[in-house]
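What follows draws every value from the coordinates through simple rules; no lab data is involved. Computed from a predicted model, the values in this text were never measured in an experiment. So basically every Cβ, Gly included, is an ideal-geometry build from the backbone, and we count neighbours across all protein chains shown.
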Amino acid sequence: MNRLTPVALIAVAVSLALAGCTSDSLATDYNSSDANTNYVSPDGTTKTIAVADRGAPVTWSGTTDRGDAVSSSDYAGKVVVLNFWYASCPPCRAEAASLEKLNTSYSPQGVAFIGVNVQDTGPTARSFEKAHGVTYPSILDADDGAVKLAFAGKISPTAVPTTLIIDAKGRVAARFSGLITSPSLVATILDATLAEK
């Protein structure tokens, strides 16, 4: 009969104890209420804005992680989903597959998905996109925050992740503050926004 030596038993016990106690520092920051971390926890709310209350169109522009210049005028007449994210953001990683699935479903209907990377360089953003199967482009907004600032005072993306649905007139129709936990709710709002055209 094979018996474990006392040293082997201790090694197994220590490794099990460490496995149970070790945590991902990103996940710890995500769950932390410590104001000194770099992660700003969103409140998880979804806000929709009635057509009559949307105000003026928001104009924005930037350069994608692929080096292409893009602006709101490139998407005139289209519904746009803007997702504010960065690679080391745990909920951003968690929602990437859901957003890509929505992109696949809605791009044939003319909806444009665009990421807005608020922290990373082009290579880091592209590496994330490749690892998570994200096919839509992302604007690199880390240097000047121009895209984020374009929405200031309207319905700001104050936390990451934040996802905005922009109507065909360039106005914010909805904001998801935090992890997309219900892709079906995003789909419902996209359907309603598309029907407005």
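Listed values, structure above:
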{"read-out": "Karplus-derived HN-Hα couplings along segment 63-69 (A = 6.51, B = -1.76, C = 1.60, θ = phi - 60°), whole Hz, x at Gly and Pro", "value": "10, 6, 5, 9, x, 8, 7"}
{"read-out": "Built amide H within the under 5 Å cut-off of Phe151, gap 5+", "value": "none"}
{"read-out": "Translational D in µm²/s for segment 34-137 (Stokes-Einstein at 20 °C, 1.002 mPa s, Kirkwood Rh from C-alpha pairs)", "value": "139"}
{"read-out": "Links that overshoot a 24 Å alpha carbon limit, given the list Lys78/Lys130; Lys47/Lys154; Lys101/Lys154", "value": "Lys78/Lys130; Lys101/Lys154"}
{"read-out": "Cα→Cβ-extended label distance, 7 Å offset, between Ser105 and Ser184, nm", "value": "1.0"}
{"read-out": "Projected area, mean over directions - segment 120-184, Cα convex hull, nm²", "value": "5.4"}
{"read-out": "Cα-centred dipole magnitude for segment 87-170, charges only on beta-carbon of K, R (+1) and D, E (-1), debye, nearest 20", "value": "160"}
{"read-out": "Anisotropy class of segment 78-131 from Cα gyration tensor, a/c 1.5 cut", "value": "prolate"}
